[in-house]
Amino acid sequence: MRVALMVAILLALAAAAYVLWQGGSPEPGFGGNMEALPYKSDKPVTKFAKPEQVIDAARFDYFAEIETSKGKIGIDLYETEAPNTVNSFVFLALHRYFEGIVFHRVIPGFVAQTGDPTGTGMGGPGYQFGLEVTPRLNYDRKGVLGMARTMDPNSNGSQFFITYGPTPNLNQQYTIFGQVTQGMEVVEKINPTEGPMAKPERDKILSVKIFARSK
């Protein structure tokens, strides 16, 4: 009897550990018990005239799992606050757009930026769209997912960044469309490209999976 009880306890602990590793059930980030949305392409597509409408922000919550050369990053996407931005990101991810793209601008204490298929900071998906901001969202913590752009507020494309800490100078100037919920330690391991700790090897995105669940 005692042996059976011990086995049951060990099995329960193992199951709990597995759920926590998965990010909960279904916690944002690594998908929990949600299934990833199917890809729309067998290989990366990097040029489009415009993004198709692929999300339903009124009915579903969306999450992303970005697998990098340093590990996985779980993200809660803000489809309600930034529907156009999240739709574009999901559209590109489902076409494997981000696969193989490097983190071309990584500044410790500031941001890790990626999303440019040319790796130069000058590339994009072939289309642009406008700024989406709300007073409720600001760059007040680490792990904020924001859109990179030029001085033109309508120049959002595919480049995005993840903050390493509060960056109030970006508030209301750059679209916020998500928050890292798991794997911030992975973001912090990405090789810097600037500063005294800069390294020649650039980390890259291996894949992006999108998850959705009913609201």
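A short reminder: the numbers here are calculations on the coordinates, not readings from a lab. Note that the structure is predicted; figures quoted are calculated from it, not measured. FYI the Cβ positions are ideal-geometry reconstructions off the backbone, even for glycines, and counts take in every protein chain you see.
Summary table below
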| quantity | calculated |
| --- | --- |
| Built amide H within the under 5 Å cut-off of Phe160, gap 5+ | Thr114, Gly115, Ala148 |
| Above-threshold pairs, the threshold being 19 Å between Cα atoms, out of Lys43/Lys199; Lys72/Lys209; Lys142/Lys209; Lys72/Lys204; Lys40/Lys209 | Lys43/Lys199; Lys142/Lys209 |
| Segment 143-160 - phi-based ³J(HN,Hα) in whole Hz, Karplus 6.51/-1.76/1.60, Gly and Pro as x | x, 6, 9, x, 8, 8, 7, 8, 5, 7, x, 9, 9, 4, x, 10, 6, 9 |
| Arg105 long-range amide H proximity, modeled H, under 5 Å | Gln113 |
| Most fluctuating residue given options Gln159, Gln172, Gln182, as computed from a GNM of the chain linking Cα atoms under 10 Å | Gln172 |
| Loop-located GluC sites (Glu not before Pro) in segment 36-122, at most 14 other Cβ atoms within 10 Å (DSSP) | Glu52 |
| Other-chain or far-sequence residues with amide H under 5 Å of Thr181's (modelled H) | Gly74, Ile75, Asp76 |
| Under the Karplus curve 6.51 cos²θ - 1.76 cosθ + 1.60, θ = phi - 60°, whole-Hz ³J(HN,Hα) for segment 53-61, x wherever Gly or Pro sits | 7, 10, 10, 10, 5, 7, 10, 10, 8 |
| Residue order, fewest to most surrounding Cβ atoms within 10 angstrom, among Met184, Met122 | Met122, Met184 |
| DSSP-assigned coil residues among GluC sites (Glu not before Pro) in segment 113-215, each with at most 15 further Cβ atoms within 10 Å | Glu188, Glu194, Glu201 |
